[in-house]
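Below is one structure, written out as structure tokens; the observations come after it.
The values are calculated or read from the model by the stated rules, or taken from the named source; none is laboratory data. These numbers were taken from a predicted model, which means no experiment stands behind them. Reconstructed Cβ throughout: ideal geometry from the backbone, glycine too, with neighbour counts over all protein chains shown. To get the accessible areas, we keep the full protein, side chains included, count just its heavy atoms, and leave off ligands, DNA and RNA. Shrake-Rupley method; radii C 1.70, N 1.55, O 1.52, S 1.80 Å.
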Amino acid sequence: VQLQASGGGLVQPGGSLRLSCAASGSIFSINRMGWYRQAPGKQRELVALITVAGSTNYADSVKGRFTISRDHAKNTLYLQMNSLKPEDTAVYYCNAVAGNKAIWGQGTQVTVSS
């Protein structure tokens with residue numbers, strides 16, 4: 001499985017961005033996908049997860065503002081981010097779990113600043 005993330009950028013506080021993560025390869029083996037982020041000087045943290053069945057889980061800090069979704073026809077994972085805050089600034093990574101293997105895409109930078 002290969003993952004290609006896109007959609008990051010610079011946005012003002014209160015703004016929105018949508019991240020995309022295109023999956024290719026043995027996608028039938030994926031049982032869970034998610035978004036993580038890493039801010040400068042901090043550890044990588046979970047943002048949101050979605051299972052094959054469509055169950056979702058969010059970090060408390062993004063609940064009500066971010067929405068994770070998956071388009072099976074396009075083999076693409078999304079993260080809709082609304083009401084962005086400066087503390088959301090980080091490199092965002094998409095992740096897939098296939099069997100017992102974790103696969104990471106390259107990061108995409110999200111900067112929230114006025």
Q: Could you pull the accessible area for residue 45 with a 1.4 Å probe, rounded to 10 Å²?
A: 80 Å²
(Q) Rg and Dmax in Å for segment 1-66, alpha carbons only: what are they? (A) 13.4, 38
Q. To the nearest 20 debye, what is the magnitude of the charge dipole of the chain about its Cα centre, counting +1 on the Cβ of each Lys and Arg and -1 on the Cβ of each Asp and Glu?
A. 100 debye
(Q) So, for the chain, what is the accessible surface per residue at a probe of 1.4 Å, expressed in square angstrom? (A) 52 Å²
Q) If you look at just the Cα atoms of the chain, how large are its Rg and its Dmax in Å? A) 13.3, 42
Q | Area projected by the alpha carbon convex hull of segment 58-107, averaged over all directions, nm² | A | 4.4 nm²
